[in-house]
Amino acid sequence: MTTRATDILRAVDVVAAEDTRRSRILLQHIGATPRLMSVHAHTEASQAAPILALLEAGQAVALVTDAGTPGISDPGARLVAAVRAGGRTVVPIPGPSAVAAALSAAGLPADRYLFLGFPARKGRDRRAELARAAAELWTVVFYEAPPRLTALLRDLAEVCGPERQAVVARELTKIHEEFRAGTLGELTAWYEEHPPKGEITLVLAGAPAGSDTPPDLELISAEAAALLAGGLSRKDVVRQLTESSGLGRNDVYRLVMELP
């Protein structure tokens with residue numbers, strides 16, 4: 001907690017919290033006594049109007065999530081959008097970020113990086129995300145739940161090759177904080193034998209420049225289909241995959257145009 005964040009929580013009238021039970025402990029610890037209201041992933045939309053009414057009445061509202069920054073793989077984006085659309089001011093208070101913390105200590109380039117959050121669990125969306133990560137020249141950051149880490153490492157080893165470097169950052173800023181670096185093959189073997197606990201951030205090294213590994217057309221096709229399903233135009237999909245896949249523009253164009 002920064003001094004500024006502590007001062008803000010002591011000063012606001014209302015704290016909109018992802019989990020009021022956990023936030024109450026924090027507020028008691030710093031001697032803050034605002035009114036608490038629950039705002040989580042399933043109530044963001046319905047709570048926007050009450051929060052706007054509070055702001056219209058001149059009250060100050062702080063949005064707090066459990067273990068990170070609102071909107072960064074946490075609830076908050078829809079509420080922030082609604083508040084902005086209502087003409088009210090949104091002020092960011094810098095705070096915990098597993099992305100920044102992991103990158104700062106992973107020892108991999110972080111001047112540019114791609115954050116993919118929690119990967120899809122299965123199917124075409126997962127194949128597309130992992131294909132993009134495998135082809136990306138920048139460092140890539142994932143979040144993952146402990147029971148699914150070994151599956152993610154194993155799948156990444158298949159699409160990136162087992163020798164790609166990565167770092168698993170676990171329980172950042174907590175008592176059992178741990179960084180484990182190695183190849184995807186090494187990390188897969190380690191965590192198969194030592195099931196992880198706690199919150200996990202995976203930092204994956206970018207693809208080597210000029211890599212001789214041929215592009216996986218099936219994975220690129222899956223990524224193109226997922227991007228089209230997400231609403232991108234075929235032109236935009238061609239542009240994005242030309243930049244990230246390693247295929248020439250004509251080959252990407254042909255692949256995208258052949259999709260239904």
(request) Would you please list the contacts, defined by Cβ atoms under 8 Å and residues six or more apart or on different chains, that run from a residue in the stretch 20-43 that is modelled with pLDDT of 95 or more to a residue that is assigned to a helix (DSSP H, G or I) and small (G, A, S)? (result) L36/S23
(request) Kindly indicate which of L108, L116, L103 is surrounded by 15 or more Cβ atoms within 10 Å (Cβ to Cβ), in contact (Cβ under 8 Å) with a residue 40 or more places away in the chain and not in a helix (DSSP H, G or I). (result) L108
(request) Look at G123 and say whether it is at pLDDT below 95 and surrounded by fewer than 15 Cβ atoms within 10 Å (Cβ to Cβ). (result) yes
(request) Would you please name the residue that is surrounded by the most Cβ atoms within 10 Å (Cβ to Cβ), looking only at residues in the stretch 139-168 that are of a type in the set (A, V, I, L, M, F, W, C) and at pLDDT below 95? (result) C160
(message) If Q59 meets every condition in (1) under 19 Å from the mean Cα position of the chain (by Cα); (2) within 21 Å of L26 (Cβ to Cβ); (3) polar (S, T, N, Q) apart from one, which number is that one?
(response) (1)
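Test S233 against the stated conditions and say whether it is crowded, with 19+ Cβ neighbours inside 10 Å and either among the hydroxyl-bearing types (S, T, Y) or modelled with pLDDT under 90 (or both).
Details: crowded, with 19+ Cβ neighbours inside 10 Å: no; either among the hydroxyl-bearing types (S, T, Y) or modelled with pLDDT under 90 (or both): yes.
Taking the combined requirement at face value, the residue does not satisfy it.
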(request) Would you mind telling me which numbered condition in (1) over 29 Å from I200 (Cβ atoms); (2) touching a Pro at 6+ places or on another chain (Cβ under 6 Å) E18 fails? (result) (1)
(request) For the stretch 64-82, enumerate the residues that are within 11 Å of E44 (Cα to Cα) and hydrophobic (A, V, I, L, M, F, W, C). (result) A77, L79, V80, A81, A82
(request) Determine if the stretch 158-181 includes at least one residue that is over 20 Å from A110 (Cα atoms) and of a type in the set (F, W, Y). (result) no
(message) Could you go through the stretch 243-251 and let me know if any residue there is hydroxyl-bearing (S, T, Y), assigned to a helix (DSSP H, G or I), surrounded by 18 or more Cβ atoms within 10 Å (Cβ to Cβ) and not assigned by TED's automatic domain parsing to the domain that holds R121.
(response) yes
(request) Being under 28 Å from Q240 (Cα atoms) and among the charged types (D, E, K, R) is the filter here, so list the residues in the stretch 81-127 that pass it. (result) D111, R112, R121, K122, R124, D125, R126, R127
(message) Quick check on the stretch 48-90: of everything there that is acidic (D, E) and in a loop (DSSP other than H, G, I, E, B), which residue is modelled with the highest pLDDT?
(response) D74
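The values are calculated or read from the model by the stated rules, or taken from the named source; none is laboratory data. All values derive from a computational prediction rather than experimental measurement. Counting neighbours? That spans all protein chains shown, and the Cβs are built from the backbone with ideal geometry, glycine included.
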